[in-house]
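All remarks here apply to the structure that follows.
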Amino acid sequence: MGHPPLEFSDCYSDSPDFRERLKCYENELEKTNKFLKDVIKDGNNVINAIKEYSLGVQKFSQTLQSFQFDFIGDTLTDDEMNIGESTAALNLIGLVFRSYFLGFICLLVFQERRKKFEKESEKYYSQLDKHMNLSSKKKETQLHEADELLDKEHQAFYESSVEYVYQIQQVQDRKKFDVVEPVLAFLQSILTLNNLTVEMTQDFLPYKQELQLSLQNTRNHFESTREEMEELMKRMKGSTQICIRHSQQATMEGYLYVQEKWALGVSWIKYYCKYFKDNKQFIMMPVEQKTGTKQTTAHLTLKSCVRRKTDSTDKRFCFDIETNERCSPVLLQAISEVNRKQWMEAMDGKEPVMDLNDIGFKFVRKCINFAIYLSLSLSVFICPPLSVDPKCPADVDFNSTDMDIKTITSALKFYLRSLSEPLMTYSLHGELILAAKSENLDYRLGAVHSLVYKLPERNREMLELLIKHLVSVCSHSSENLMTVSNMGVIFGPTLMRAEEETVAAMLDIKFQNIVMEILIEGYSKVRHAPVYLCIYSIFIQAKCSDRKQVFVQSQSQNAHPVSTPAFSLQFLSVNSLQNDSHHQHHHLIAI
């Protein structure tokens, strides 16, 4: 029965199917080894029998020679001399027989290579299990050293695996001629030794010649491929870009750790998983990393895939999937960040998002009512977070004994960062940054005030809820150290961010903090002052300093709810004041 070839690329993925194929090769070589032991044993019995026969002939010859006849001459005949030398000939046959099989036995030392492979395999997967349990809260240097150590162990395991595959295939191919050739020589020696008849020898010659030709062809084929395989093995060892060969039709496959929830806690189980994008089938096989082990598989149908936020769990490289067969999401852990990106790309994964709806408002009010910021220092905002369900964030039980103020603080920030669009919106981000960059403080306040009223109603309502509470927190800054500046640093990147992450956007983060400071310090003005007063202030400051014009476009009373001022600043143009001074004067008088 033929066996599928062992690919060097399979050594990198080390899948259960690869282990099964490797086990087939090992079983075949075990059978061959047992067969050779039996052949050697039976061959030695034949040689011993021939030795016994030779000793019997010698004894018979000695008996005959001991009886002296009168004869002429004093020398023995050639036949008598041949009988005496038969033992030496038989001993020579035994030496030939042993030398042939000794060469093949040397080839069967692959067991030593096998032990090395299993040792490296156990060492790597033990290190992998430890690596997966590393907390994301460890220092970056420790995580980096752990990643380098894992890569080193993986490379050693991969090289050992490639060498083992190469060795086992060499033995598998060589046995075709290394087993038959000595047997053929042994049979030929026996036929010659026993002086079989010419007819039997002639009958054996065609088979012998055909077999010799087959052996020669097999040897030639082996030699022609051996050098190419050695070159391929060297290239695969030194390759920095390993091409993983997936099984038929599988979009993605590899090892994942799956969180299993039990009555007394949770555990992480290692699975070998396959994903088929055509029918969205996700197959999980729990495996123990031992050759030939295969267990029952679980077949799931994928509904969605969402990346798990780094600060929502103490595990690294995590993502969630929803399936038709399970009522709750399945939390998976990849073996690296690159591996997680590959899985999410194959599953069309998405980033985690939250919705600004009634449930979100309920959640934020819960956090505020719990007084999460009182008497806390700035360090609370980097504490381990609470895991929030994107669909039902308000279902969190804050009265649970395992919920502390720090955890709830991080949960609130996690919710605000996970909104599909930042609270201050992408469309107003650039205008808010421009307003914060102004050197005139009154101009900043008026511009930010006007832009706040351009926010969608739900966003403005949530912003007012947050700013009102932050103002209350900052009023106790002497006790909790939460100054306006600190609040700007904390909530600036949370409530504002650019649509594209660029270097320029990173440099504007400090102006995001300034916007938050303006909102907190000028809360009473922004909330209660009519927007037209802010517009008038902007106009007067611009006119006195000969700044560029402010174009005001009024909005109808019906375009806003009752709580919204009747006028808002639509945009800041770049035209000079003199170009349209009459229009501005007329509009302000109308106000």
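The values are calculated or read from the model by the stated rules, or taken from the named source; none is laboratory data. Given the structure is predicted, the values throughout are model-derived calculations rather than measurements. For neighbour counting, all protein chains shown are included, and Cβ atoms are generated from backbone atoms with ideal geometry for every residue, glycine included.
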Helices (runs of 4 or more DSSP H) enclosed by the range 403-497 - at least 3 residues per element that are buried (at least 16 other Cβ atoms within 10 Å of the Cβ)
405-417, 429-437, 441-452, 457-474, 484-495
Selection within the range 253-266 - more than 28 Å from residue 11 (Cα to Cα) and either assigned to a strand (DSSP E or B) or in contact (Cβ under 8 Å) with a residue 12 or more places away in the chain (or both):
260, 261, 262, 265, 266
Any idea which of 126, 136, 121, 160 is exposed (fewer than 14 other Cβ atoms within 10 Å of the Cβ) and either hydroxyl-bearing (Ser, Thr, Tyr) or under 24 Å from residue 22 (Cβ atoms) (or both)?
126
Could you tell me whether residue 400 is modelled with pLDDT of 85 or more and surrounded by fewer than 17 Cβ atoms within 10 Å (Cβ to Cβ)?
no
Take the conditions more than 30 Å from residue 285 (Cα to Cα), assigned by TED's automatic domain parsing to the domain that holds residue 182 and in a helix (DSSP H, G or I) and apply them to residue 17. Does it pass?
no
